[in-house]
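J.: Below is the structure I would like to discuss, written out as structure tokens.
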Number of protein chains: 2
Amino acid sequence: VGPEALLLRNSKSTFTSFGVFFLQMGWGDLGAFGEPSKETPNLDQMASEGMLFLDFYTANPLCSPSRAALLTGRLPVRNGFYTTNAHARNAYTPQDIVGGIPDSELLLPELLKKAGYINKIIGKWHLGHRPQFHPLEHGFDEWFGSPNCHFGPFDNRALPNIPVYRDWEMIGRYYEDFKIDLKTGEANLTQIYLQEALDFISKQQASQQPFFLYWAIDATHAPVYASKHFLGTSQRGLYGDAVREIDDSIGKILKHLQKLGISENTFVFFTSDNGAALISAPKQGGSNGRFLCGKQTTFEGGMREPAIAWWPGHIPAGGVSHQLGNVMDLFTTSLSLAGLQPPSDRQIDGIDLLPAILQGKLIDRPIFYYRGNEMMAVRVGLYKAHYWTWSNSWEEYSKGIDFCPGQNVSGVTTHTQEEHTTLPLLFHLGRDPGEKYPLSFASDEYQRAMERISVVVQQHKATMVPGEPQLNVCDKAVMNWSPPGCEKLGKCLKPPKSDPKKCFWPH
Amino acid sequence: VGPEALLLRNSKSTFTSFGVFFLQMGWGDLGAFGEPSKETPNLDQMASEGMLFLDFYTANPLCSPSRAALLTGRLPVRNGFYTTNAHARNAYTPQDIVGGIPDSELLLPELLKKAGYINKIIGKWHLGHRPQFHPLEHGFDEWFGSPNCHFGPFDNRALPNIPVYRDWEMIGRYYEDFKIDLKTGEANLTQIYLQEALDFISKQQASQQPFFLYWAIDATHAPVYASKHFLGTSQRGLYGDAVREIDDSIGKILKHLQKLGISENTFVFFTSDNGAALISAPKQGGSNGRFLCGKQTTFEGGMREPAIAWWPGHIPAGGVSHQLGNVMDLFTTSLSLAGLQPPSDRQIDGIDLLPAILQGKLIDRPIFYYRGNEMMAVRVGLYKAHYWTWSNSWEEYSKGIDFCPGQNVSGVTTHTQEEHTTLPLLFHLGRDPGEKYPLSFASDEYQRAMERISVVVQQHKATMVPGEPQLNVCDKAVMNWSPPGCEKLGKCLKPPKSDPKKCFWPH
């Protein structure tokens, strides 16, 4: 079934719209994925009405690169969202980052625009905050949200607080105009993001305009927050309150689509940018179920994500897929839904998931696990080979930074960068999803699996053309001192003199 | 709603029958509980048609005591299924055990008999194998299965192979007449147990006889087995093949009840006798999801169990309960369903779950975690206090026996018996189901929770009257040398001279 057929199937109109939810939650945070308090009735219902992906991955265990991969359909090492400052380091876009999404990259909304889509991002952009990186310069028509994380600064003195934008201009800053109470965890932001989504959908429906909504909320990222109505409602504490509010909001968005009569025209996908941040556990961190470690690592806990596709009338209810999927596939799948071809002038890593979603097909494809400039691991079928392991350095670990709390798998959760390129550590993720029992190097099974994997890796490496690394240079002068619109608000700050430096990426 | 009301609600007849499934599977082994391969469609459907219990426990982290607790409604320390040979040791009923279920104990089938029930046990009995302990001496009308585990011996030479009984007499032995291929894992036993169940149900339905079926299969206990049709069908290897066959069988039993038109008269409960045996992982061990450790331990992985109640027309479909439940509750609940009162001359630990199941009530009650003669931990609400910790001894651990592979929570997964009775280790199982982050002793939360818990523990200890320990004495002479029926089969063996000794319980 090609996208034309899909469009024909629509009974009420000829447009197909889609939304994506994207947020820092772990595989194990949903009831449908086994969270013991089972407090996500709306997401569980979304799964029971749609399709659950059990083997779905992000392209990177950290926020910015993962988001760049979603919107470009390309691995961060290709689209520039990585660093070469040191080997195999995670890097992202703090305020002092000089780089951002290159103009040469084609983003999903840029392409959708050609098919008449109106595109909105609500929430965290995270692909660079300097003017040339603004989301409205890269295909989005509307934006409500922030360019960087909300985790600080808090007082707008030594460093500027993170701005919140509406479209081209900032309309306030976190902790000033958009409060997050660090003591109680109270913040109204998810409610604001929800209302933005409902309003946008209503508007597009009224004008019969196909739309792409990228709902990139962040309540489950430390400092975790929830609105008053949800505070104290979860067995899981504040983190659970935030999850409940997100779950409730997603339920409201889906019901809104149904009420407007456009649910059968709207493809919705829920997933996350990286695994739960166990370093923030137990108070501010989620769950990766039984998967090893979490955010920042290339173990399953860092990169296997909860994922649900929902499209009433098209996706069979209660479906379950073992298709190896990746956030980059949302790029290609979305283009397919819109009747567009992916760009042919560059390597696209995402595949079209529609055959898996609509016809239950299984497409053979590998999953690559990168950390910065290094391919750490690869999954082929049920086998995962680690070419490099480390969770973080002894130095960081001794400061209490632990991405694998309570978990120590000898030779796997290493605190030095261990090279296994000549004899990769191999796991069978069916028998051993927790990556605890490496296969014996001497076994026939090891030999057979590695023969297959080696071919995939050789091919990948031989054809890899890395993009220009965007996350190498930091400069305090580029921070959000005076974003567009600051004059009207009287919120412009004076930047210091430019002093570009190599960014320091400890992990 | 009392049991009378329930009986009245039955439209087709006036009897209420019930079944229990009971087997060595972990919390995380079901798709509905987040197993990543999601290969239990029938159990998942049972859950979606019935009620999922998320906070359900066994009474002991080991097989025999747990089964004794199920059938007596009493903690093993009361019904005698424990040892005093050493402090806090797990003990069970191997072939050389002298003890078994005391005559003074009242078993569920004994009581149900008075209400006209026909009772059958299919599978592993495990409450003693000497003549006085025979299940038909304790209320069961029929038996097909074995008195002990199928994990050996295999050659019937130095020691007798475990017999398989039909009712009073043995009809063969494991590895001789009832094959388990230790190389391929092939065995037809689950299919035999399934057919026994279907036949029994048909017979009772035909004679309009209320029944109690205790389906105590053991395919997921090492050596794990599956029948040919299921071998190689699971992503999870042989263990998963066994799970798939069990799942398929349970689906067939439920469908059989529906086909016979008695599903609305039949209360069915699925649960497990202990957590998955991580020591057998990854090839022969299941999953406890994100819970800590497994079988043999008093951490959540050892005692929190998957649990589903199913009773179409009575239990609301898709229900989820956070009622703290225990296998001992099945005793009291079953009596309630049959319109019977629990015995009043002894302490019964099980509670009637019907208010939780039918009316969604939450009954406040503690969960006690015992290891042999020691109360190791207690759960009250969402708090769990460990008064003693240990997983196993350094000596055993150094031999490769590890109940917590890849998991090391400092001060929790101890290899010496650590006493915390003056200042128990306290966990909040909502925020921290993995028992990784003990609360600070100095916190207000710790003080408040321990005040409440201390009262519960004092009361429990003050009124505790331990039964006579049954698992202290072992003697090779009592083994299954010549079970009843052996003469007809020519399978009698000559017992050695009696030489009773203290059993050695290393864990």
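The values are calculated or read from the model by the stated rules, or taken from the named source; none is laboratory data. Everything numeric in this text was worked out from a predicted model, so none of it was measured. Neighbour counts run over all protein chains shown; Cβ positions are idealised from the backbone, glycine included.
J.: Scan segment A:187-216 and report the pairs whose first residue is assigned by TED's automatic domain parsing to the domain that holds residue A:108 and free of Cβ contacts under 8 Å to residues at least 12 places away in the same chain and whose second residue is surrounded by fewer than 22 Cβ atoms within 10 Å (Cβ to Cβ) and assigned to a helix (DSSP H, G or I), with Cβ atoms within less than 7 Å and a gap of 6+ or a chain change.
T.: Within 7 Å, no pair qualifies.
J.: Regarding residue B:35, is this residue within 11 Å of chain A (Cβ to nearest Cβ) and not hydrophobic (A, V, I, L, M, F, W, C)? It would help to see each step written out before you state the result.
T.: Details: within 11 Å of chain A (Cβ to nearest Cβ): yes; not hydrophobic (A, V, I, L, M, F, W, C): yes.
Criteria met by residue B:35.
J.: Might you let me know whether segment A:436-455 holds any residue that is under 28 Å from the mean Cα position of the chain (by Cα) and within 14 Å of chain B (Cβ to nearest Cβ)?
T.: Looking through segment A:436-455, at least one residue is under 28 Å from the mean Cα position of the chain (by Cα) and within 14 Å of chain B (Cβ to nearest Cβ).
J.: Looking only at segment B:440-450, decide whether some residue is part of a loop (DSSP other than H, G, I, E, B), buried (at least 19 other Cβ atoms within 10 Å of the Cβ) and in contact with a helix residue (DSSP H, G or I) (Cβ under 7 Å, 6 or more places away or on another chain).
T.: Looking only at segment B:440-450, we keep the residues that are part of a loop (DSSP other than H, G, I, E, B), and these are B:440-443.
Next cut, buried (at least 19 other Cβ atoms within 10 Å of the Cβ) only: none.
The answer is no; no qualifying residue exists.
J.: Another question, if that's okay. Determine whether segment A:487-497 contains at least one residue that is in a loop (DSSP other than H, G, I, E, B), farther than 30 Å from residue A:174 by Cα and in contact with a helix residue (DSSP H, G or I) (Cβ under 8 Å, 6 or more places away or on another chain).
T.: Looking through segment A:487-497, none of the residues is in a loop (DSSP other than H, G, I, E, B), farther than 30 Å from residue A:174 by Cα and in contact with a helix residue (DSSP H, G or I) (Cβ under 8 Å, 6 or more places away or on another chain).
J.: Kindly list the number of the only condition in (1) among the polar types (S, T, N, Q); (2) crowded, with 16+ Cβ neighbours inside 10 Å; (3) outside any helix (DSSP H, G or I) that fails for residue A:191.
T.: (3)
J.: What single numbered condition from (1) more than 14 Å from chain A (Cβ to nearest Cβ); (2) crowded, with 24+ Cβ neighbours inside 10 Å fails to hold for residue B:40?
T.: (1)
J.: Hey, can you tell me all the residues within segment B:291-328 that are of a type in the set (A, V, I, L, M) and in contact with a strand residue (DSSP E or B) (Cβ under 8 Å, 6 or more places away or on another chain)? I'd like the intermediate steps shown before the answer.
T.: Within segment B:291-328, the first condition is being of a type in the set (A, V, I, L, M), and the residues that meet it are B:292, B:303, B:307-309, B:315, B:317, B:320, B:324, B:327-328.
Result: B:292, B:303, B:307, B:308, B:309, B:315, B:320, B:324, B:327.
J.: Could you give me the residue pairs with C-beta distances under 6 Å whose first residue belongs to segment B:124-146 and is surrounded by fewer than 24 Cβ atoms within 10 Å (Cβ to Cβ), whose second residue is of a type in the set (Ser, Thr, Tyr) and part of a loop (DSSP other than H, G, I, E, B) wherever it lies, and which are 6+ apart or on separate chains?
T.: That search, which allows pairs on different chains as well, returns nothing.
J.: Further question on the same structure: Return yes or no: is residue B:427 within 14 Å of another protein chain (Cβ to nearest Cβ) and modelled with pLDDT of 95 or more?
T.: Criteria met by residue B:427.
J.: So the check is Cβ under 7 Å with 6+ separation or different chains; which pairs have a first residue in segment A:50-76 that's within 14 Å of chain B (Cβ to nearest Cβ) and under 28 Å from residue A:251 (Cβ atoms) and a second one that's in a helix (DSSP H, G or I) and aliphatic (A, V, I, L, M)?
T.: A:51/A:357; A:52/A:32; A:57/A:303
J.: Among the residues of segment A:106-115, which ones are in a loop (DSSP other than H, G, I, E, B) and buried (at least 22 other Cβ atoms within 10 Å of the Cβ)? I'd like the intermediate steps shown before the answer.
T.: Applying the first criterion (in a loop (DSSP other than H, G, I, E, B)) to segment A:106-115 yields A:106-107, A:114-115.
Selection gives A:107 alone.
J.: Can I ask one more? Can you find a residue in segment B:83-95 that is within 16 Å of the chain's Cα centre (by Cα), buried (at least 24 other Cβ atoms within 10 Å of the Cβ) and over 30 Å from residue B:248 (Cβ atoms)?
T.: Looking through segment B:83-95, at least one residue is within 16 Å of the chain's Cα centre (by Cα), buried (at least 24 other Cβ atoms within 10 Å of the Cβ) and over 30 Å from residue B:248 (Cβ atoms).
J.: Does residue A:220 count as crowded, with 18+ Cβ neighbours inside 10 Å, assigned to a loop (DSSP other than H, G, I, E, B) and in the same structural domain as residue A:286 (by TED's automatic domain parsing)?
T.: Details: crowded, with 18+ Cβ neighbours inside 10 Å: yes; assigned to a loop (DSSP other than H, G, I, E, B): yes; in the same structural domain as residue A:286 (by TED's automatic domain parsing): yes.
So residue A:220 fits the description; yes.
J.: Return the residues of segment A:362-387 that are hydroxyl-bearing (Ser, Thr, Tyr) and more than 25 Å from residue A:469 (Cβ to Cβ); say none if nothing qualifies. Write out each step before concluding.
T.: As a first pass, look at segment A:362-387 and keep what is hydroxyl-bearing (Ser, Thr, Tyr): A:369-370, A:383, A:387.
The one that is hydroxyl-bearing (Ser, Thr, Tyr) and more than 25 Å from residue A:469 (Cβ to Cβ): A:383.
J.: What's the number of the only condition in (1) crowded, with 22+ Cβ neighbours inside 10 Å; (2) of a type in the set (A, V, I, L, M); (3) within 14 Å of another protein chain (Cβ to nearest Cβ) that residue A:382 fails to meet?
T.: Evaluating residue A:382 over (1) crowded, with 22+ Cβ neighbours inside 10 Å; (2) of a type in the set (A, V, I, L, M); (3) within 14 Å of another protein chain (Cβ to nearest Cβ) leaves (1) as the failure.
J.: Could you list, ordered by first residue, the pairs with Cβ atoms under 6 Å in which the first is in segment B:405-423 and away from chain A (no Cβ under 11 Å) and closer than 24 Å to residue B:284 by Cα and the second is among the aromatic types (Phe, Trp, Tyr) and not in a loop (DSSP other than H, G, I, E, B), at least 6 apart or interchain?
T.: Taking only residues 6 or more apart or on different chains, the pairs are B:415/B:394; B:415/B:397.
J.: Pick from A:285, A:325: which is at the interface with chain B (Cβ under 10 Å from one of its Cβ atoms) and either closer than 29 Å to residue A:414 by Cβ or surrounded by fewer than 24 Cβ atoms within 10 Å (Cβ to Cβ) (or both)? Steps first, answer last, please.
T.: On the way: A:325 fails: at the interface with chain B (Cβ under 10 Å from one of its Cβ atoms).
Just a single option satisfies the conditions, and that option is A:285.
J.: Just need a number here: residues in segment A:224-249 that are in contact with a Phe, Trp or Tyr (Cβ under 6 Å, 6 or more places away or on another chain) and either away from chain B (no Cβ under 14 Å) or free of Cβ contacts under 8 Å to residues at least 12 places away in the same chain (or both).
T.: Selection size over segment A:224-249: 1.
J.: Still on this structure, please answer the following. As an exercise: evaluate residue A:208 against (1) more than 20 Å from residue A:334 (Cβ to Cβ); (2) in a loop (DSSP other than H, G, I, E, B) and give the number of the one condition it does not meet.
T.: Evaluating residue A:208 over (1) more than 20 Å from residue A:334 (Cβ to Cβ); (2) in a loop (DSSP other than H, G, I, E, B) leaves (1) as the failure.
J.: Can you spot a residue in segment A:345-362 that is within 12 Å of chain B (Cβ to nearest Cβ), over 16 Å from residue A:270 (Cβ atoms) and of a type in the set (Gly, Ala, Ser)?
T.: Within segment A:345-362, the subset within 12 Å of chain B (Cβ to nearest Cβ) is none.
Checking segment A:345-362: not a single residue is within 12 Å of chain B (Cβ to nearest Cβ), over 16 Å from residue A:270 (Cβ atoms) and of a type in the set (Gly, Ala, Ser).
J.: So, of the residues in segment B:248-268 that are of a type in the set (A, V, I, L, M) and not in a loop (DSSP other than H, G, I, E, B), which turns out to be farthest from residue B:191 (Cα to Cα)?
T.: Pass one, segment B:248-268, residues of a type in the set (A, V, I, L, M): B:250, B:253-254, B:257, B:260, B:262, B:268.
So of that shortlist, the ones also not in a loop (DSSP other than H, G, I, E, B) come out as B:250, B:253-254, B:257, B:268.
Values: B:250: 11, B:253: 12, B:254: 15, B:257: 17, B:268: 20 Å.
If we take residues in segment B:248-268 being of a type in the set (A, V, I, L, M) and not in a loop (DSSP other than H, G, I, E, B), then B:268 is farthest from residue B:191 (Cα to Cα).
J.: Return yes when residue B:279 is in a strand (DSSP E or B) and within 14 Å of chain A (Cβ to nearest Cβ) and no when it is not.
T.: Numbers: in a strand (DSSP E or B): no; within 14 Å of chain A (Cβ to nearest Cβ): yes.
It is false that residue B:279 is in a strand (DSSP E or B) and within 14 Å of chain A (Cβ to nearest Cβ).
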